[in-house]
Amino acid sequence: MAAQPLLLQPEPTGSAQPAPADRPAPVRPLLPGFVTPAELAESAAPTQSWAVLGVQALGFTDYALTRMIGRFCGTGILVRLSGGRGHVLAPAGDRQQALRLARRMRAELGDAVWISVAWRPFQELAGGVREAEDVLRIVCALGRQPGVHQLDDVAVEFAVVSNPEVSRRLTALIEPVVSRPELLRTLEALIAADGNRARAAADLVIHRSTIDYRLGRIEALTGHSPVRVRGLQTLCTALAAHTLARPRSASASDR
């Protein structure tokens, strides 16, 4: 199937708020929800393949983030941002070029930025957006450090939560922990500390005996011990499944 051109269309008359004088009006592409600033649209020619980048950046307005991304991605990019989180589509010849672009973007934006990377031909862009979004939500749910992440980094969690029946069971498993904020914070801290209880207790500013008590409660509620490798892996994957389950129904219309 031949690639179709990614047409750019102006906002329908009367449907958009007037843009401030110092900000050019956006132009909307056919892919729902994405825009490209007018000053970056001149060279938005159709391409065969795209980098799909999920972005979570702390401390940026959407407008400032879009302008910064545009400065080093060049023309033809498409963005969808809300509250410093969203996606960037940029022409890329192959997966390695997409990775290089993601690393340059993080170097430009600073340390407090998570970027997930996928790469797709035009016909599969919607799937690439889903993959980038799911990888981004998984790494954030698991407390991974800011950086550039791709599917290979969370392949086990991604594969498990992609199975609807397994995902439902894991979501139910972790629900008693998620519904208790102090237990959820404790589990998240332990995951972020790679299972190191002393480090997790220090991060939470609680006594070692307190974290041991909370971890015992987690085991009693779930049947899986967070102080054992297999138990922590199960709970880690269950937390990822729970995180992914919440927004899927709400965002189904975008996919």
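The values are calculated or read from the model by the stated rules, or taken from the named source; none is laboratory data. Given the structure is predicted, the values throughout are model-derived calculations rather than measurements. Glycine gets a Cβ as well: all are built from the backbone with ideal geometry, and neighbour counts include every protein chain shown. Keep in mind that these areas ignore ligands, DNA and RNA; they rest on the heavy atoms of the full protein, side chains included. Shrake-Rupley method; radii C 1.70, N 1.55, O 1.52, S 1.80 Å.
Points worth noting:
- Within the stretch 190-210, being more than 12 Å from L232 (Cβ to Cβ) and either part of a helix (DSSP H, G or I) or open to solvent by 50 Å² or more (accessible area, probe 1.4 Å) (or both) holds for A198, R199, A201, A202, D203, L204, V205, H207, R208, S209, T210.
- The lone exception for P46 - which of (1) closer than 19 Å to V129 by Cβ; (2) at pLDDT 55 or above it fails: (2)
- Test for E182: is it at pLDDT 95 or above, touching a Lys or Arg at 6+ places or on another chain (Cβ under 7 Å), open to solvent by 20 Å² or more (accessible area, probe 1.4 Å) and not aromatic (F, W, Y): yes
- Of all residues making up the stretch 128-152, the number that are within 19 Å of Q97 (Cβ to Cβ) and free of Cβ contacts under 8 Å to residues at least 60 places away in the same chain: 6
- Matching entry among V79, V139, V55 (being open to solvent by less than 20 Å² (accessible area, probe 1.4 Å) and under 21 Å from T237 (Cβ atoms)): V139
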